[in-house]
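Read the structure below first, then the notes.
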């Protein structure tokens with residue numbers, strides 16, 4: 001039994017995505033309930049870990065259990081390791097459940113990375129009288145100009161005004177660098193990182209035209225759509241999902257709400273929508289415009 005403490009359920013895109021996968025959603029919920037808040041002194045479990053035991057005790061079949069573990073691991077939500085004491089599950093981050101770790105504040109696991117915002121990241125350190133980066137705690141070595149033996153009167157006011165201008169100018173420069181950094185940041189588009197099996201599993205559950213593989217044309221459509229999605233994330237200062245998760249989320253939360261009986265074959269030609277149709281740029285633009 002995990003030690004006491006509350007569990008926070010996060011209202012995130014990852015949590016919403018899991019609602020379409022009840023077995024994976026259930027397994028992660030069980031892990032969050034059982035997970036240690038602190039390291040166990042005897043059995044070797046670390047904070048965020050738990051023993052899973054027999055799959056029957058979780059209310060799952062063996063196949064559903066294995067599939068759920070693979071999905072959670074592929075999506076970066078959990079890890080699993082077999083030991084002589086049983087399978088140990090580890091919650092990788094707090095994107096769905098924040099288990100309220102007993103040590104540290106637990107922030108950062110579920111926080112997005114890759115954004116740059118240093119508009120208030122510099123200040124004056126009273127101990128060193130230097131401009132200090134609050135993110136790293138390291139001094140940049142530029143003295144602000146305060147002195148213990150300054151003259152009283154107008155000279156003091158002038159020096160203080162100069163100090164304020166120096167700090168302000170540095171902030172402006174840093175903001176410009178951050179904006180350039182965000183502009184130059186490239187969205188990863190490695191098609192080789194796509195989990196074809198996972199995407200096909202999601203698609204073939206949608207009762208449309210079945211596929212055994214993703215065609216080259218589909219891959220091109222994925223790259224175009226992911227580029228648009230990545231650029232939109234950059235504008236909003238968000239970190240893009242991995243390319244496989246992005247495709248799955250688009251299909252489950254976007255395209256599935258777009259299809260009609262016409263797409264299912266109830267038309268004059270007996271045409272049924274396929275994956276290539278779902279991923280082509282014109283369809284993606286229609287689906288995302290409706291969603292927005």
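Every number here is computed from the coordinates shown, using simple stated rules; none is lab data. Source: prediction; values computed, not measured. In this analysis, Cβ positions are derived from the backbone assuming ideal geometry, glycine residues included, and neighbour counts consider all displayed protein chains.
Which residues in the stretch 215-236 place their backbone N less than 18 Å from a point set 7 Å from the Cα of residue 269 along the Cα-to-Cβ direction? The answer is 218. In this calculation the C-beta distance from residue 220 to residue 42 is compared with R0 = 35 Å, giving a FRET efficiency of 0.05. Spin-label model, residue 74/residue 6: points 7 Å from Cα along the beta carbon direction are separated by 3.5 nm.
When the convex hull of the Cα atoms of the stretch 8-98 is projected onto a plane and the area is averaged over all directions, what value comes out in nm²? Display every interim value, and only then the final one.
Details: hull surface 22.2 nm².
So the mean shadow area of the Cα hull is 5.6 nm².
Spatially, the stretch 249-291 and the stretch 42-57 are offset by 42 Å when compared through their Cα centroids. The mean sequence distance of close C-alpha pairs (under 8 Å, at least 6 residues apart), as a share of the length of the stretch 191-291, puts its relative contact order at 37 percent. Here each label is just a point 7 Å from Cα along the line to Cβ, and for residue 286 and residue 66 those points are 4.0 nm apart.
Among 243, 7, the ranking by other beta carbons within 10 Å of each residue's beta carbon, starting with the fewest, stands as 7, 243. Between residue 193 and residue 276, the modelled labels are 2.7 nm apart [label points 7 Å from Cα along Cα→Cβ].
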